[in-house]
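Single-structure report; data block below.
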Amino acid sequence: MPTITIDGKDYDLDDLSKDAKAQIDSIVLCDRKLAELQSEAAIIQTARNAYVGALQELLPKDAAN
């Protein structure tokens, strides 16, 4: 019987109501979307850093501060 642990307590999925299972499905969906967005944010941050580096190479080296 599959189980899920919530707040340190194990629950048999087969014993949960349909509404409780729907809430779990929604949580799983949210967790997946958050992971996807975090991955996208890392990709965007890496690209931004590359653009900053490229810009720094294009700026005059003797610019006044």
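Below, the figures for the structure above:
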item	result
Condition check for ILE44: surrounded by 10 or more Cβ atoms within 10 Å (Cβ to Cβ), part of a helix (DSSP H, G or I) and either in contact with a strand residue (DSSP E or B) (Cβ under 6 Å, 6 or more places away or on another chain) or modelled with pLDDT of 95 or more (or both)	yes
All positions within the range 16-41 that are open to solvent by 90 Å² or more (accessible area, probe 1.4 Å) and either assigned to a loop (DSSP other than H, G, I, E, B) or basic (Lys, Arg) (or both)	LYS18, ARG32, LYS33
Any chance LEU29 is among the aliphatic types (A, V, I, L, M) and more than 12 Å from the chain's Cα centre (by Cα)	no
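The values are calculated or read from the model by the stated rules, or taken from the named source; none is laboratory data. Keep in mind it's a predicted model, so treat the numbers as computed, not measured. In this analysis, Cβ positions are derived from the backbone assuming ideal geometry, glycine residues included, and neighbour counts consider all displayed protein chains. Side chains are part of the model used for accessible areas, which takes the heavy atoms of the whole protein and leaves out ligands, DNA and RNA. Shrake-Rupley method; radii C 1.70, N 1.55, O 1.52, S 1.80 Å.
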